[in-house]
1. State all residues of the range 128-160 that are within 16 Å of residue 101 (Cβ to Cβ) and of a type in the set (Val, Ile, Thr); if no residue qualifies, say none.
2. Can you list the helices (runs of 4 or more DSSP H) found entirely within the range 178-277 that contain at least 3 residues being under 13 Å from residue 74 (Cα atoms)?
3. Could you list, in sequence order, all residues of the range 133-158 that are over 26 Å from residue 180 (Cβ atoms) and touching a His at 6+ places or on another chain (Cβ under 9 Å)?
4. Looking at the range 98-105, is at least one residue within 30 Å of residue 59 (Cα to Cα) and in a helix (DSSP H, G or I)?
5. Of the conditions (1) touching a helix residue (DSSP H, G or I) at 6+ places or on another chain (Cβ under 8 Å); (2) not assigned by TED's automatic domain parsing to the domain that holds residue 81, residue 179 satisfies every one except a single condition; which number is it?
6. For the subset of the range 1-39 comprising residues that are outside any helix (DSSP H, G or I) and modelled with pLDDT of 65 or more, which member is surrounded by the most Cβ atoms within 10 Å (Cβ to Cβ)?
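The values are calculated or read from the model by the stated rules, or taken from the named source; none is laboratory data. Just so it is clear, the structure is predicted and the values come from calculations on it, not from any experiment. Don't worry about glycine lacking a Cβ; one is built from the backbone with ideal geometry, like all the others, and counts go over all protein chains shown.
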Amino acid sequence: MRLPNWLSQHLAALRALLVFTVLLGLAYPLAFVALGRLPGLSDKAGGSLVANGSVLIGQSFTDADGNPVAKYFQSRPSAAGDGYDPTATSASNLGPNDVVDTADRKSLLTQVCARSLAVGKLEGVDGSRPFCTADGVGAVLAVFHRDGLTGPVTRVVSVNQTGTPFLATYQGVTVEPAKNGEDYQALGGVITPIRGDAPADPVVPADAVTASASGLDPDISPAYAALQVPRIARERGMTEAAVRALVKDNTDDRALGFLGEPGVNVLELNRALDQQK
């Protein structure tokens, strides 16, 4: 007996659904679960958990008030929630043009400037950076011209400072402090970052002042680790050579020898420090 055409089509669709459910809903996931149990993969598949957390997810080494614990290497900043929150992993979406503070948020430039000063103070080095003021905000002016974008300068405002401006004058015009709530760009000011006299190659590395794309990066650069070595050696009563040896032991090279950059896993490095007698 020949089935009606519409019924044959429905039965064929049902058979395809059952086949693909078994293949993709059961066999495929179970195959990857089995693959994750293979030696060398089981640790990563399980999250690489240790007593202090996961070596795949960064964490902060700070006290209850958020201050760095001096005897530990410090991680890079995080933009994931309140910091290294796996449920809030995301980029901050702040780019190089984000240089003007608002009433409810500091610009990326000011965040970088403040972090650089803080790291410099912690490590006892020069924390200055180009386009940053001495008090740790973005060195940015709103410059007003007589003819809009051209002509003589008629007014200048330091948009990120409500106190004493970082410059007294600009092109012969006295620099004013900003007023809260004013949008100087909307008023016609040309946003003008001022480089200043900071070194072109800052002492504080870039990864010490910027968050990773996910906000969960557990690694820091060898340069940032090297910057922290004197403090760690001093706080723990170790030689700098011994601390540098631990840094080297916990440094991962480029993937396949040429992809990416070397990285130092901060959690593993701090665990190695705590295991020293």
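1. 133, 137, 140, 157, 159
2. 222-236, 266-274
3. Matches in the range 133-158: 151, 152.
4. No: zero hits.
5. Unmet condition: (1).
6. By that ranking, first place goes to 36.
Residue-by-condition table, conditions (1) closer than 28 Å to residue 163 by Cβ; (2) free of Cβ contacts under 8 Å to residues at least 40 places away in the same chain:
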| residue | (1), (2) |
| --- | --- |
| 196 | yes, no |
| 212 | no, no |
| 241 | no, yes |
| 252 | no, yes |
| 261 | no, no |
| 274 | no, yes |
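Matching residues to (1) more than 30 Å from residue 233 (Cα to Cα); (2) touching a Pro at 6+ places or on another chain (Cβ under 7 Å); (3) in contact (Cβ under 8 Å) with a residue 24 or more places away in the chain:
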| site | (1), (2), (3) |
| --- | --- |
| 123 | no, no, yes |
| 135 | no, no, yes |
| 156 | yes, no, no |
| 206 | no, no, no |
